[in-house]
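Just below is one structure, and these are the notes that go with it.
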Amino acid sequence: VFDVAFEQLSGRGLVAYANTTAATIAYRIWNGSGFSSQMGLGIGTAGVTNRIIDLIAKPDSNQIMLLVSEGSATPDLRAMLWNGTEFNTSTQVTITTELDTTSDEQGYSGDWEELSGDFNVFYGENTVLNIIERSFANGAWQAAANGFSGNGGDIRFVRVATYPATDRQMACWT
């Protein structure tokens, strides 16, 4: 349970991972020749197993969005923005407490729109059985919006990708 992404302007690497000893999220910065010391991150619930960690780099920027799912039967999904210097705690949000997945599945995905610079996360929620979209636009999280029908079934895996040089995104799920 870890991920790595590179700041697109500076080229520095950000590695986020589950610190299983403390049951928290930790991270380090790669400067091209070595890693920083381990730093803790106050996201999620201390003592709860973090299942999946995603870092998604924003094009032409040093910003990176962190997505973390935690828990078991219906995991929480949380997000926080790396601003190129630190994780901005004012951008931390619990996207849902009812992710429609189990610990071995990734029922969410996110990507940056290339023109607007907005970040969209698509996910399945346990009680809705639809794909829901939540956007980070103009520095703030927007209200969740129902996206697409999940055809009445569980949503286990979600992937989203942005068409180059547009704000159009394709979301696929099963």
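Over the chain, with every protein chain in place, what whole percent of the accessible area is carbon and sulfur at 1.4 Å, could you tell me?
Roughly 48 percent of what the probe reaches on the chain is carbon or sulfur.
Please give the FRET efficiency for THR85 paired with ASP154, using the beta carbon to beta carbon distance and R0 = 30 Å, rounded to the nearest 0.05.
Using R0 = 30 Å, I get an efficiency of 0.15.
Quote the charge dipole size of the stretch 80-145 about the Cα centre in Debye, to the nearest 20; the model charges only the Cβ of Lys and Arg (+1) and of Asp and Glu (-1).
Using Cβ point charges on Lys, Arg, Asp and Glu, the stretch 80-145 gives about 220 debye.
What residues of the stretch 76-115 lie in the reach of a label at ALA140, counting those whose backbone N is under 15 Å from a point 7 Å from the Cα along Cα→Cβ?
90-93
Charges on Cβ only, +1 for Lys and Arg, -1 for Asp and Glu, centred on the Cα centroid of the chain; of ASN19, LEU55, THR162, which one is farthest towards the dipole's positive end?
Towards the positive end, the residue furthest out is ASN19.
So, taking all protein chains as they sit and a 1.4 Å probe, how much accessible area belongs to PHE35, in Å² rounded to tens?
120 Å²
Taking the chain as a Gaussian network, Cα atoms linked when under 10 Å apart, which of SER61, SER36, SER109 shows the biggest mean-square fluctuation?
Its mean-square fluctuation being the largest, the pick is SER36.
Net charge near GLN8: determine it from the other residues with C-beta under 11 Å of the C-beta of GLN8, scoring Lys and Arg +1 and Asp and Glu -1.
0
Under the √(5λ) rule applied to the eigenvalues of the Cα gyration tensor, what semi-axes describe the equivalent ellipsoid of the chain? Give them in Å, descending.
With the √(5λ) rule applied to the chain, the semi-axes are 25, 21, 13 Å.
Farthest toward the dipole's positive end in the chain, which of ASN31, GLY139, ALA171, given Cβ charges of +1 (Lys, Arg) and -1 (Asp, Glu) about the Cα centre?
Value computed over the given set: ASN31.
Could you give the accessible area per residue of the chain, probe 1.4 Å, as a whole number in Å²?
So the chain comes to 47 Å² accessible per residue, rounded to a whole number.
The values are calculated or read from the model by the stated rules, or taken from the named source; none is laboratory data. Every value quoted in this text rests on a predicted model; they were computed, and no experiment measured them. Because the Cβ atoms are built from the backbone with ideal geometry, glycine has one as well, and the counts that use them run over all protein chains shown. The area values use the complete protein model at the heavy-atom level, side chains included, leaving out ligands, DNA and RNA. Shrake-Rupley method; radii C 1.70, N 1.55, O 1.52, S 1.80 Å.
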